[in-house]
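Written out below as structure tokens is the structure these notes cover.
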Amino acid sequence: MGKENIIYIDSNAKLQEHLPQIQSCARVAVDLEFDRNRYRYGFTLCLMQLMAGEFCYLIDPLAEELDLSGIYAVFQDPSVTTVVFSFQEDMMLLQSLGCRPVNLYDTGVAIRLLDSPQTSLGTVLLDLLGVEVNKDAQKSNWFNRPLTEDQLTYAAQDVLHLFPLMDLIENRIQIADRKEWVRQENLYWQEMDYSLADQIVQLKENDKKDMNQIQWHVYGKLMELREAWAQEYNLPSGRVMRTDYVKEIIVKNGLRYWEKNRSTNNAIKTAEKKALVLEEMKRAEQEALDLGLSKENSARDRWSKEEYQKFKEEKRRKE
């Protein structure tokens, strides 16, 4: 494909010019470039790559007043097949933006159902199509404008080969008589509700180690406070205050080193913010006591026999 077939769209007028051609296609391929708490706070769509017919559209959602509703309508049209690769995180982002794609064909899902290990798109393209792609721009800052030629080339590569990849995989799926497997698995992921998954503080079971029930409750409240500060300063949560330091505050009285520690952003190394942390800890501890939580009991709750059996069955199903 020549450069003349790759179209960069950074205005609503240009998008509306090409939208009828996109909407006329029976299938489209899509991939998203986003920032998820890497350079700024939150989960932000930075670029949409769309293959429709013979053209690859690089749509810039950060362009002023760009209306993506027409594109979302394509993804939500059951008569259009939307071809993707390992789209779960992208699906989460689209749902958070009010778009619920249907009729997805996830080539990553199909490859797994052919008993192939889950690998990156670059590896799959090399192994199955003999196409080598340059991944140098993968972790670049997608907020930067203008985007570099390397970024645009990398972005386009993520959709340029999805149609031939789907055709090749579909042929193998047909031979293996697993077409219904692919349909059901794609439907399962498509119907999942991801819309709230990125809007709450994610606490991990392993973080309970060395904490009692009250400490765990306080830890959750401090993580919520960190999230509020991250949003206020438009910074990734981990750059406001590292998770291991939040634990240290609770388990090892890490507030003694508040002004000198290297695990928090300079903007919050103030006496005022320290006082807010102390106030929140005191309030959370009283709340934990009111809930009947204990300093003597570990935060790690023991599973009942039924809960453990359910966990094992779910793990087996995923495998």
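Per-structure values
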| item | result |
| --- | --- |
| Cα-centre dipole for the chain with unit charges at Cβ (Lys and Arg positive, Asp and Glu negative), debye to 20 | 1580 debye |
| Kirkwood-based shape ratio for the chain, expressed as Rg/Rh from alpha carbons | 1.04 |
| Out-of-range pairs (alpha-carbon distance over 25 Å; input K209/K269; K135/K247; K247/K282) | K209/K269; K135/K247 |
| The stretch 81-175: proportion of alpha-carbon pairs further apart than 18 angstrom, % | 52 percent |
| For Y8, distant residues with modelled amide H under 5 Å away | L58 |
| Per-pair calculated FRET efficiency, R0 = 51 Å: N297 and L97 via Cβ, rounded to 0.05 | 0.75 |
| Whole-number percent relative contact order across the chain, with pairs defined as alpha carbons under 8 Å at least 6 apart | 16 percent |
| Tail weight of P(r) past 22 Å, computed on alpha-carbon pairs of the stretch 1-125, percent | 37 percent |
| Karplus-derived HN-Hα couplings along the stretch 138-155 (A = 6.51, B = -1.76, C = 1.60, θ = phi - 60°), whole Hz, x at Gly and Pro | 4, 9, 6, 7, 7, 7, 4, 9, x, 5, 7, 4, 5, 5, 5, 5, 4, 4 |
| Karplus 3J(HN,Hα) series, Hz, for the stretch 32-43 with 6.51 cos²θ - 1.76 cosθ + 1.60 (x for Gly, Pro) | 10, 9, 9, 10, 10, 6, 9, 10, 9, 6, x, 10 |
| Stretch gain in nm, segment K260-F43, where the contour uses 0.36 nm per residue and the Cα spacing is subtracted | 75.1 nm |
| The stretch 33-116: relative contact order as a whole-number percent, Cα under 8 Å and 6+ apart | 21 percent |
| Computed label-point distance, nm, for sites A267 and N171 using a 7 Å Cα→Cβ extension | 5.4 nm |
| Pair S116, E17: separation of 7 Å Cα→Cβ label points (nm) | 3.8 nm |
| Heavy-atom accessible surface of the stretch 64-107: percent carbon and sulfur, 1.4 Å | 47 percent |
| Per-residue HN-Hα couplings for the stretch 92-103 [Karplus 6.51, -1.76, 1.60; θ = phi - 60°; Hz; x = Gly/Pro] | 4, 5, 4, 4, 5, 9, x, 10, 10, x, 10, 6 |
| Mean ellipticity per residue at 222 nm, deg cm²/dmol - from DSSP H runs of n ≥ 4 across the chain, formula -39500 (n - 2.57) | -14000 deg cm²/dmol |
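The values are calculated or read from the model by the stated rules, or taken from the named source; none is laboratory data. Values in this document were obtained by computation on a predicted structure and should not be read as measured data. Methodologically, a virtual Cβ is constructed for each residue, glycine included, from the backbone with ideal geometry; neighbour enumeration extends over all protein chains shown. These accessible areas exclude ligands, DNA and RNA; they are computed on the full protein's heavy atoms, side chains included. Shrake-Rupley method; radii C 1.70, N 1.55, O 1.52, S 1.80 Å.
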